[in-house]
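The values are calculated or read from the model by the stated rules, or taken from the named source; none is laboratory data. A quick note: this is a predicted structure, and the numbers were derived from the prediction, not measured. Note: ideal-geometry Cβ built from the backbone for every residue, glycine included; neighbour counts use all protein chains shown. Remember, those area values only see protein heavy atoms, side chains included, never the ligands or the DNA or RNA. Shrake-Rupley method; radii C 1.70, N 1.55, O 1.52, S 1.80 Å.
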Amino acid sequence: NDIDLVEGVGGLLAPISKNYTVASFAKKIQSDLIIVAPNRVGVANHVLLTVEAALSRGLLVACVVLMEQKNPDASAIDNVELIGMHLPNIAGFKGVFEFPWLGTGASNPDLIAIHVKKAESVLAKIFDVVFRPFLFGDSNA
């Protein structure tokens, strides 16, 4: 089994060409979605609307990843739970995960080892829950 990770720039309904949106492209390549959003005020609405739009188009949502922010607001504490409580039942959905803030140098190649250490536990969890069953048919991850 192969996995292709394709970044959907601008959101699910963002146009990526004259004839395609991110959603229509995902549908064409039969891709499960990983919805990534900043963990801040308004994200519950953002994620729930995105999930609703995806499901209404026949897309599968594998998981949601909330990205911690440099200066988290008060909503960040409850957003994972709120989103989980209000999501519809989704076949194959693996959960809502929190990804740590990596700092302003997140794209600096010299800091990759430091960033891997910050994120390795959540990356391992996402791999075990989302990717391992697909790759190895192991549902006991």
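In summary, the chain shows an alpha-carbon radius of gyration equal to 1.08 times the 2.2 N^0.38 Å reference for compact globular proteins. How many angstrom lie between the C-alpha centres of the stretch 31-62 and the stretch 88-120? Using only Cα atoms, the two centres lie 17 Å from each other. Near Phe97, the amide H atoms lying under 5 Å from its own belong to Val64, Val65, Leu66; only residues 5 or more places off or on other chains count, and H is placed 1.01 Å from N. With every protein chain in place and a 1.4 angstrom probe, the accessible-area ranking of His46, His115, largest first, reads His46, His115.
Relative contact order, whole percent, for the chain stands at 20, derived from Cα pairs under 8 Å and 6 or more residues apart.
Karplus-derived 3J(HN,Hα) values for the stretch 53-64, using 6.51 cos²θ - 1.76 cosθ + 1.60 with θ = phi - 60°, are 5, 5, 5, 5, 9, x, 8, 9, 10, 7, 6, 10 Hz; glycine and proline are entered as x.
Trypsin sites (Lys or Arg not before Pro), restricted to the stretch 1-87: which are DSSP loop and have at most 15 other Cβ atoms within 10 Å? Please list the in-between numbers first.
Details: sites: Lys18, Lys27, Lys28, Arg40, Arg57, Lys70; in loops: Lys18, Arg40, Arg57, Lys70.
Listed in order of number, the matching sites are Lys18, Arg57, Lys70.
3J(HN,Hα) couplings calculated from phi for the stretch 3-20 with the Karplus curve 6.51 cos²θ - 1.76 cosθ + 1.60 (θ = phi - 60°) are, in sequence order, 10, 10, 9, 10, 7, x, 6, x, x, 4, 9, 5, x, 10, 6, 4, 10, 10 Hz; Gly and Pro show x. Out of the total accessible area of the stretch 52-141 (probe 1.4 Å, heavy atoms of protein only), what percent is carbon and sulfur? Within the stretch 52-141, the accessible surface is 57 percent carbon and sulfur.
Using the Cβ atoms and a cut-off under 15 Å, what net charge is assigned to the surroundings of Ile29, where Lys and Arg are +1 and Asp and Glu are -1? Each step should come with its number before you reach the end.
Details: positive: Lys27, Lys28, Arg57; negative: Asp2, Asp4, Glu7, Asp32.
Surrounding charge for Ile29 is -1.
3J(HN,Hα) along the stretch 123-132, derived from phi through the Karplus expression 6.51 cos²θ - 1.76 cosθ + 1.60 where θ = phi - 60°, amounts to 4, 5, 5, 4, 4, 4, 8, 9, 8, 4 Hz, with x in place of Gly and Pro.
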